[in-house]
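Encoded as structure tokens, the structure appears first; notes follow it.
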Amino acid sequence: KLQFLYFIGEIPPLTNSIIVLIMRAFTLAAVACAALAHDGLPKNPELNVPGYPDCVQPVKGGNEFTLECFQKPRENKNQIRVGCVGDSITAGVHSTGGNHTYPGQLQIMLGDGYKVTNLGACGSTLLKNGDSPYWKRPQYTTLINNTWDIIIIMLGTNDAKDKGSGGPPNWPHNCTGSDALKCPFAVDYHSMIEEVRKLGNPTIYTMIPPPLMKKGTYGMNQTVINDVFPTLVPAINKENNLPHPSIDIFDALGGADKASFPPGGCTLQTSKVADCADFCDQQSCDQCHPNNNGYTALAAAVKKGLSL
């Protein structure tokens, strides 16, 4: 009969095999917690995660933490290296994949003189203390281990989650008023910009995330996304002395018409209201992630914002 209880002084030493088992247990726990944030999102079968970042999945049945991501290789030294930093919207959740993500569409629009890498990490936050920080994802490792010519940052949608909206307590709710630039989101945004500046001195662009079409979607605070970010992100951009204004994805995907958003969110019946057509059609209907047409519109706004 096996004895599982040990008296004080009889605790066995931690062997390598026991340490490995403990580490695996912690990893599985982290995966289970992270998976909760992605419930209901369609998975890319090749990666076993939502979205289409430039990564491979080396682990059978792996997850977002076991991805191995990479910078798209240049065909010649003159190609301009563009990195798209973001969450599931950058990763292209609810697109049909391939070239239908916004980085994929941007690559087509910019042409052969550019090489665009999709560094979108589904569910990630810019906040270091968020429920799934971008800083701890493989996409961030790829970002900081390479040099770039242009970096585009679009984070914040998952940061806007709060308990009142049914999500984790990410948003600090002190990012307005005279002290807005001292709040954790602004402070961590500054840290991200400073890290990126070390990566070959790229030109950095911030982007105002697209609107949230329905209150409480994925536990996100609609007021934060639709009312706070359109002023906070440009203020952060200015405070960090970036050379170009924030790219306004919010207005490009219908945010300027937020007063007309359907109270119950976009449906096939409201596709002609506000900018619902970029979020809801026969291909996909989501209140946060655009459909293929929406991602094309997003990429066009990015190209315009880059003045290219």
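The values are calculated or read from the model by the stated rules, or taken from the named source; none is laboratory data. Please read these numbers as outputs of a predicted model, since none were measured by experiment. Ideal geometry is used to build each Cβ from the backbone, glycine not excepted, and the neighbour counts take in all protein chains shown. Accessible surface is based on the protein model in full, side chains and every heavy atom, while ligands, DNA and RNA are left aside. Shrake-Rupley method; radii C 1.70, N 1.55, O 1.52, S 1.80 Å.
Quick one: ranking THR206, THR270 by accessible area, 1.4 Å probe, largest first, what do you get? Intermediate values should be presented prior to the final figure.
Working: THR206 0, THR270 30 Å².
Putting THR206, THR270 in descending order of accessible area: THR270, THR206.
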Requested in this report: Report, ordered by chain and residue number, the aspartates and glutamates lying within cross-link reach of LYS60, taken as a straight Cα distance under 15 Å and ignoring same-chain residues fewer than 8 apart.
Outcome: GLU46, GLU68
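Any number yet on Rg/Rh for the chain, C-alpha, Kirkwood?
Radius of gyration relative to Kirkwood radius: 1.02.
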**Report entry** Ranked packing of 112-120, 276-284, 238-246, most packed first, by mean Cβ within 10 Å
**Finding:** 112-120, 276-284, 238-246
Report summary line: the chain: relative contact order from alpha carbon pairs under 8 Å, six or more residues apart, as a whole percent, is 15
Requested in this report: Only bridges with both residues in the chain count here: give the DSSP antiparallel percent, nearest 5.
Outcome: 25
Report summary line: Result row for the chain, helices from DSSP H with C-alpha axial extent 24 Å or more and mean Kyte hydropathy at least -0.5, is 16-36
Query raised in the report: For VAL187 and ILE80, FRET efficiency with R0 = 30 Å and r from the beta-carbon atoms, rounded to 0.05?
Result: 0.50
Query raised in the report: Once you put a point 7 Å from the Cα of ASP257 and another 7 Å from the Cα of GLU68, both along the Cβ direction, what distance in nm separates them?
Result: 4.6
Query raised in the report: Which whole-Hz couplings ³J(HN,Hα) result when phi for each residue of the range 174-182 is put into the Karplus expression 6.51 cos²θ - 1.76 cosθ + 1.60, θ = phi - 60°, listed in order with x for Gly and Pro?
Result: 10, 9, 10, x, 5, 9, 4, 7, 9
**Report entry** Positive dipole terminus of the chain, leading residue within CYS183, GLY92, ALA235 (C-beta point charges)
**Finding:** GLY92
Query raised in the report: Given +1 on the Cβ of Lys and Arg, -1 on the Cβ of Asp and Glu, and no further charges, what dipole in debye does the chain carry about its Cα centre, rounded to the nearest 20?
Result: 420
Query raised in the report: In nanometres, what is the gap between the two model label sites at LEU308 and ASN293, each 7 Å from Cα along Cα-to-Cβ?
Result: 2.6
Requested in this report: Compute the FRET efficiency between GLU195 and GLN282 as 1/(1 + (r/R0)^6), taking r as their Cβ-Cβ distance and R0 = 51 Å, and round to the nearest 0.05.
Outcome: 0.80
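What is the sum of charges around LYS161, taking Lys and Arg as +1, Asp and Glu as -1, for the other residues whose C-beta is under 13 Å from the C-beta of LYS161? Walk me through the numbers on the way to the answer.
Working: positive: LYS163, LYS215; negative: ASP87, ASP131, ASP159, ASP162.
For residues surrounding LYS161, the net value is -2.
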Query - Straight-distance crosslink candidates among lysines, where the alpha carbon sits under 30 Å from LYS215 and sequence neighbours closer than 8 are dropped - result: LYS43, LYS128, LYS136, LYS161, LYS163, LYS182, LYS238, LYS258, LYS272, LYS303, LYS304
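What is the ratio of the Cα radius of gyration of the range 55-186 to 2.2 N^0.38 Å, with N the residue count, to two decimals? Could you put the intermediate results ahead of the total?
Working: Rg = 16.2 Å, N = 132, 2.2 N^0.38 = 14.1 Å.
Taking the Cα Rg and dividing by 2.2 N^0.38 Å, one obtains 1.15.
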